[in-house]
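Bear in mind these aren't lab numbers, they're just calculated from the coordinates by the rules spelled out. What you see is a predicted model; the values in this text were computed from it and never measured. So basically every Cβ, Gly included, is an ideal-geometry build from the backbone, and we count neighbours across all protein chains shown.
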């Protein structure tokens, strides 16, 4: 009887540790479970994101026209977005040289984000502001990161 209580106690402790491990995340929300999304369609599909891209960035909307040709010129050394092993796309998050698998997420207000698992608009996410004529316009969700990177444009390389 004493052995059964000990086994039960150990099993409960292991179960509690596993449950707590599932809750662990860093301050920006990495590792949170997926959140169900509303029925609003995203502004872009993951398949449309896959490919080679020239990237540029600007801080003032008046700089966009100048930035687009610079992004096209960056196709000489393109940024490559590939499919991820679990249905997402492989991209970088802010300030990391490591690739992460990112997923599309749609907020209740219809805004589209690409980022790791977690709620739409999480600090690791980029908001897809527009997708038109093979140009993706994005902005990071983290205001501090936006100050450094600005609004980013991805121009599909031909």
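Summary table
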| quantity | calculated |
| --- | --- |
| Linear extension gain, residue 66 paired with residue 50, 0.36 nm per residue minus alpha-carbon span | 3.3 nm |
| Mean Cβ neighbour count within 10 Å, used as a protection proxy, ranking 135-143, 84-92 highest first | 135-143, 84-92 |
| For the stretch 65-110: rounded, prolate or oblate by the Cα gyration tensor [a/c cutoff 1.5] | oblate |
| Sequence ranges 76-83, 108-115, ranked by mean other-Cβ count within 10 angstrom, highest first | 108-115, 76-83 |
